[in-house]
Structure formats: structure tokens, C-alpha cells
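Trainee: Mind having a look at this structure? Questions to follow.
No value in this document is a laboratory result; all are computed from the given coordinates. Values in this document were obtained by computation on a predicted structure and should not be read as measured data. For neighbour counting, all protein chains shown are included, and Cβ atoms are generated from backbone atoms with ideal geometry for every residue, glycine included.
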Amino acid sequence: MNPTDSEGRGQVLTLDQPDPGTHRLARPSGEEGLALDQVTLRRMRVGVVAVVLLGLAVAALALWQPWAGTPAGTKASQWAAQQRDTATQVATEGLLSLNTIDHRRIGATVDRWAGITTGALSHDVRTGRAEVVRRARHDRTVASARLVQAAFTAFDAEAGTATVIAVLEISASKAGAKPTTTRNRFRVLVQREGGRWKLAYFETLAVQQ
């Protein structure tokens, strides 16, 4: 039945004039759900892109690292070998320096000895400096040394200690005396101090025939 007005005439409903007693139809739930799904999908795509970019950045960083692919044990052994060679070199060069004297430059020579030694040996060099200078100048001492052979007999990279046996050929002359050439064998202890190896102790051994 069509609605009628108070005078019995049929009332015409148009789209422009909705019935005051009716409500607008709500948007179908399917369309609203579709809109939410699209927002969720966009967020998911952004999240996936971010994860992929982060993964690429981490991979690039790993490739950039110079030690990537090198076993830790290999690096440690290389470092230990380098420290061993450095300790041996410091021991032999230090011995050569301690056995090289020129009375005309003895002050600078003893100062150099103080710089390459540590511990009790450094203390002895510093406290005995005046006497060494006096005797060298009085005797007009000139001495030089040549390395014959050297080898380490003990080494501890972590503790920073090494023992080296070295043989030197030493030529010396003094005023009023005939020049001499002797072959001496030494045991040297070197110690790493602040990243630098120094002589801590040395003694003369019997020369093996």
C-alpha cells in the first residue's frame, strides 16, 4: 500500500525528498572491510621493504669488514709471530747498541741506552751514567759490535716477554792499548712496555766452541 496524506491522496517519495521517517542506508560492510584491508596491505608492504633494506645494510657491513672470512686463530697466530720477530730484533739491536761506544759522543750514547732499557737495567744505566762517561773519556774508548747469530729461546706473547741468545763480535780499542776483537755470547730478556719492547736484562755466557 502507498502512503496517503491527510486528504487521502497518495504521497510520492523522491530521492531528493526522503521520507522523514526513514534512515539513510549505511555503507555496506563489505566496502568498509575492503578499505581496511588495503590500508593493512600498504603497511605490510612498507614493513617488508624496511626489513629487506635492513638486511642488505647488515650484509654490506659484513662484506666491508677486512677480517671477514679470516679465522680468529689465524689472526692471533699472525700477531704472535709479528711480536716474536719484533722482540728478537729489539734484543739484537739493543745488544749492538750497548756494545757500541765512542768517547767523543758518549753522553748521547748513554742516553740512548736509557731509552731502550727498562726496569733494573734502565735504573743501572741512569745511575751509572756519570761514571761510564768519565771512564770512556779517560780511556778514549771506541768499540763496535757485529751480530754473528741470534735466536729466541722463550717467548710469551700475552705476557710480553721473550728471551734471546745472541753472539756478537766486538772490536774495541783504548788509548795506549792494542785493539782487540772478541766473540761474546749473551742471554737477553726483553719485555713489552706500553706496546714497545725494551731490554730488561742481559748477561754474558760462555762461548760455545
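Trainee: Under a Cβ-Cβ cut-off of 13 Å, what is the net charge of the residues other than H123 that fall near it, where Lys and Arg count +1 and Asp and Glu count -1?
Mentor: +2
Trainee: For segment 153-168, just list the computed ³J(HN,Hα) in residue order, Karplus coefficients 6.51, -1.76 and 1.60, θ = phi - 60°, integers in Hz, with x standing in for Gly and Pro.
Mentor: 10, 8, 7, 9, 5, 5, 6, x, 9, 7, 10, 10, 9, 9, 10, 10
Trainee: Could you work out how much longer the chain between I165 and S77 gets when fully extended? Use 0.36 nm per residue separation minus the Cα distance between them, nm to one decimal.
Mentor: Difference between extended and current length: 29.4 nm.
Trainee: Show me 163-170, 194-201 ranked by packing, highest mean number of other Cβ atoms within 10 Å first.
Mentor: So the peptides 163-170, 194-201, ranked by packing, come out 163-170, 194-201.
Trainee: Oh, and also: Non-local amide H neighbours of L205 (under 5 Å, H modeled in plane, Pro and chain starts lacking H): which ones?
Mentor: Under 5 Å from the amide H of L205 lie the amide H atoms of R185, F186, R187, each far enough along the sequence or on another chain.
Trainee: In segment 127-209, if every C-alpha pair distance is counted and binned at 10 Å from zero, what percent goes to each bin?
Mentor: Going from the shortest bin to the longest, the percentages are 15, 33, 34, 15, 2.
Trainee: Step through the residues of segment 189-205 one at a time and calculate ³J(HN,Hα) from phi using the Karplus curve (6.51 cos²θ - 1.76 cosθ + 1.60, θ = phi - 60°), rounding each to whole Hz and writing x for Gly and Pro.
Mentor: Result, rounded to whole Hz: 10, 10, 9, 7, 9, x, x, 10, 7, 9, 6, 10, 6, 8, 8, 8, 10.
Trainee: Give me the net charge of E169's neighbourhood, meaning all other residues with Cβ under 12 Å from the Cβ of E169; Lys, Arg count +1, Asp, Glu -1.
Mentor: Net charge in that neighbourhood comes out at +3.
Trainee: Also: Kirkwood Rh and Cα-based Rg: tell me the resulting Rg over Rh for segment 92-134, rounded to two decimals.
Mentor: Reported Rg/Rh, Kirkwood definition of Rh: 0.93.
Trainee: Right, another one. Starting from a Cα-only point model with no solvent, please compute log10 I(q)/I(0) by Debye for segment 74-205 at q = 0.09, 0.11 1/Å.
Mentor: Those come out to -0.29, -0.42, one per q.
Trainee: Continuing with the same structure: Which of rounded, prolate or oblate describes segment 162-209 when judged by the alpha-carbon gyration tensor and an a/c cut-off of 1.5?
Mentor: Oblate shape, in that a/c is at least 1.5 and b/c is the bigger or equal ratio.
Trainee: As an exercise, use a Förster radius of 30 Å and the Cβ-Cβ distance of A151 and S173 to find the FRET efficiency, rounded to the nearest 0.05.
Mentor: That gives a FRET efficiency of 0.50.
Trainee: Take A114 and D139, extend 7 Å from each Cα along the Cα→Cβ direction, and tell me the distance between the two endpoints in nm.
Mentor: Modelled inter-label distance: 2.2 nm.
Trainee: From the residues A81, V125, A166, which one has its Cα farthest along the dipole of segment 74-205 in the positive direction, the dipole being from +1 and -1 charges on Cβ of Lys/Arg and Asp/Glu about the Cα centre?
Mentor: Checking the options against the dipole of segment 74-205, the answer is V125.
Trainee: Calculate one ³J(HN,Hα) per residue across segment 89-99 by plugging θ = phi - 60° into the Karplus curve 6.51 cos²θ - 1.76 cosθ + 1.60, and present them in order as whole Hz with x for glycine and proline.
Mentor: 5, 5, 4, 5, 5, x, 4, 4, 5, 5, 10
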